[in-house]
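Structure first, commentary second.
The values are calculated or read from the model by the stated rules, or taken from the named source; none is laboratory data. Source: prediction; values computed, not measured. Positions of Cβ are backbone-derived with ideal geometry, glycine not excepted, and every protein chain shown enters the neighbour counts.
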Amino acid sequence: MKIDGRQTSIEIKEELKLEIDQWVEQGGKRPHLAAVLVGEDAASMSYVRGKIKSCEKVGIVSTLIKKPASISQEELLDIIDDLNSNNEVDGYIVQLPLPGQIDEHTVTLRINPEKDVDGFHPQNLGRMMLGLDTFLPATPFGIVTLLDRYNIPTEGKHCVVLGRSNIVGTPLSVLLSRKRNPGNCTVTIVHSRTKNIKEILLQADILVAAIGRAAFVQSDMVKPGAVVIDVGINRVDDINAKRGYRLVGDVDYTGVSEIASFITPVPGGVGPMTIVSLLKNTLKAAQRKS
Ligand SMILES: NC(=O)c1ccc[n+]([C@@H]2O[C@H](COP(=O)([O-])OP(=O)(O)OC[C@H]3O[C@@H](n4cnc5c(N)ncnc54)[C@H](OP(=O)(O)O)[C@@H]3O)[C@@H](O)[C@H]2O)c1
């Protein structure tokens with residue numbers, strides 16, 4: 001069965017719009033998200049456009065701060081300092097990746113954790129580790145929300161997470177092993193140094209692929225009946241596509257959908273859920289301030 005992240009995200013956005021309208025009617029401040037976009041990377045520009053459009057849909061004010069790829073680290077840190085002290089802005093994101101002259105860790109550490117709606121700051125990640133209230137990182141948050149909305153049992157399941165990035169694989173492995181629902185999984189993390197990847201993937205009741213390798217996971221690597229969550233977004237050339245390329249995930253959807261019990265498509269799976277998680281975090285940031 002296809003897990004329709006796009007449809008689920010539409011439903012959540014409708015719920016969020018009602019919640020935000022109600023919050024504003026009761027005198028709350030309308031939430032405001034700012035997005036900092038550095039350079040002209042086509043994928044980043046498209047992600048940020050999607051985020052801004054979704055803000056409009058739910059009634060969140062948005063501001064786009066666009067800077068050239070040549071920006072210095074000091075200039076970017078000045079922008080972050082301004083956002084930290086701007087009372088109008090409840091939360092903001094700095095779209096990754098950043099150009100080579102800028103150290104992503106330095107940037108992340110400079111973000112006020114109270115405005116870190118991407119949930120990348122160590123304070124928020126640390127709070128997540130301890131099970132405390134926090135801004136959960138948007139993509140893992142979106143994935144656990146999808147599992148929850150589809151009533152997919154996670155307790156006692158063996159979840160294999162392919163990829164150990166700081167923004168997806170590692171935080172997701174923490175969330176799924178938490179002592180709560182969704183959670184209570186036994187989690188294995190697989191990465192580029194793992195031996196016998198196929199044997200490990202075949203043991204997964206829940207398989208999450210987040211490595212950025214087009215169609216890496218083939219049907220002979222998946223246990224029949226497994227739940228498959230595809231996080232990857234990869235561009236592959238396609239002369240028949242209007243833009244000359246199409247987007248595919250890390251999973252061979254055609255083959256794997258025949259044996260998986262549930263599977264997320266790309267596009268239309270995890271991507272839209274990442275955006276709604278960001279919107280949820282922004283509302284939370286505005287409500288926390290009051
Ligand atoms: N849908 C969404 O909203 C969303 C959000 C974020 C990212 N993404 C997509 O998800 C994918 C992963 O992004 P990311 O930022 O999490 O990852 P990343 O920082 O690019 O890291 C990739 C991870 O995959 C591992 N890896 C790479 N090739 C491998 C291989 N052949 N076998 C086993 N492991 C391998 C790497 O291992 P090492 O650690 O050993 O190098 C690393 O842990 C990308 O396609 C990205 O565009 C989608």
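Could you count how many residues in segment 260-290 are within 16 Å of the ligand (Cβ to nearest atom) and assigned to a loop (DSSP other than H, G, I, E, B)?
Total satisfying the criteria: 6.
Take the residues in segment 137-173 that are within 7 Å of the ligand (Cβ to nearest atom) and hydroxyl-bearing (Ser, Thr, Tyr); name whichever of them is surrounded by the most Cβ atoms within 10 Å (Cβ to Cβ).
Of everything passing the filter in segment 137-173, THR139 is surrounded by the most Cβ atoms within 10 Å (Cβ to Cβ).
Can you tell me which of PRO272, PRO267 is within 18 Å of the chain's Cα centre (by Cα), surrounded by fewer than 18 Cβ atoms within 10 Å (Cβ to Cβ) and under 27 Å from LYS57 (Cα atoms)?
Among PRO272, PRO267, only PRO267 is within 18 Å of the chain's Cα centre (by Cα), surrounded by fewer than 18 Cβ atoms within 10 Å (Cβ to Cβ) and under 27 Å from LYS57 (Cα atoms).
I'm trying to understand the selection: among the residues of segment 159-205, which are under 18 Å from the mean Cα position of the chain (by Cα) and part of a loop (DSSP other than H, G, I, E, B)?
Correct list: GLY163, ARG164, SER165, ASN166, ILE167, VAL168, PRO182, GLY183.
Evaluate the following for VAL187: is it more than 12 Å from the ligand (Cβ to nearest atom), surrounded by 17 or more Cβ atoms within 10 Å (Cβ to Cβ) and not aromatic (Phe, Trp, Tyr)?
yes
Out of VAL228, VAL208, I need the residue that is under 18 Å from LEU147 (Cβ atoms), in contact with a strand residue (DSSP E or B) (Cβ under 9 Å, 6 or more places away or on another chain) and either without any contact (Cβ under 8 Å) to a residue 40 or more places away in the chain or part of a loop (DSSP other than H, G, I, E, B) (or both). Which one?
VAL228
Only one residue in ARG213, ARG178 is within 15 Å of the ligand (Cβ to nearest atom), in contact (Cβ under 8 Å) with a residue 24 or more places away in the chain and of a type in the set (Lys, Arg), so which one is that?
ARG213
Which residues, taken from segment 190-205, are free of Cβ contacts under 8 Å to residues at least 24 places away in the same chain and polar (S, T, N, Q)?
Residues satisfying the conditions are SER192, THR194, ASN196.
Being buried (at least 19 other Cβ atoms within 10 Å of the Cβ), touching a strand residue (DSSP E or B) at 6+ places or on another chain (Cβ under 7 Å) and more than 20 Å from THR282 (Cβ to Cβ) is the filter here; which residues of segment 77-119 pass it?
If the condition is that a residue be buried (at least 19 other Cβ atoms within 10 Å of the Cβ), touching a strand residue (DSSP E or B) at 6+ places or on another chain (Cβ under 7 Å) and more than 20 Å from THR282 (Cβ to Cβ), then LEU98 is the only one that fits.
Return the only residue of ARG246, ARG213 being closer than 23 Å to THR139 by Cβ and either in a strand (DSSP E or B) or modelled with pLDDT under 95 (or both).
ARG246
All but one of (1) polar (S, T, N, Q); (2) farther than 26 Å from SER9 by Cβ; (3) more than 15 Å from the ligand (Cβ to nearest atom); (4) not in a helix (DSSP H, G or I) hold for GLN123, so report the exception by its number.
(4)
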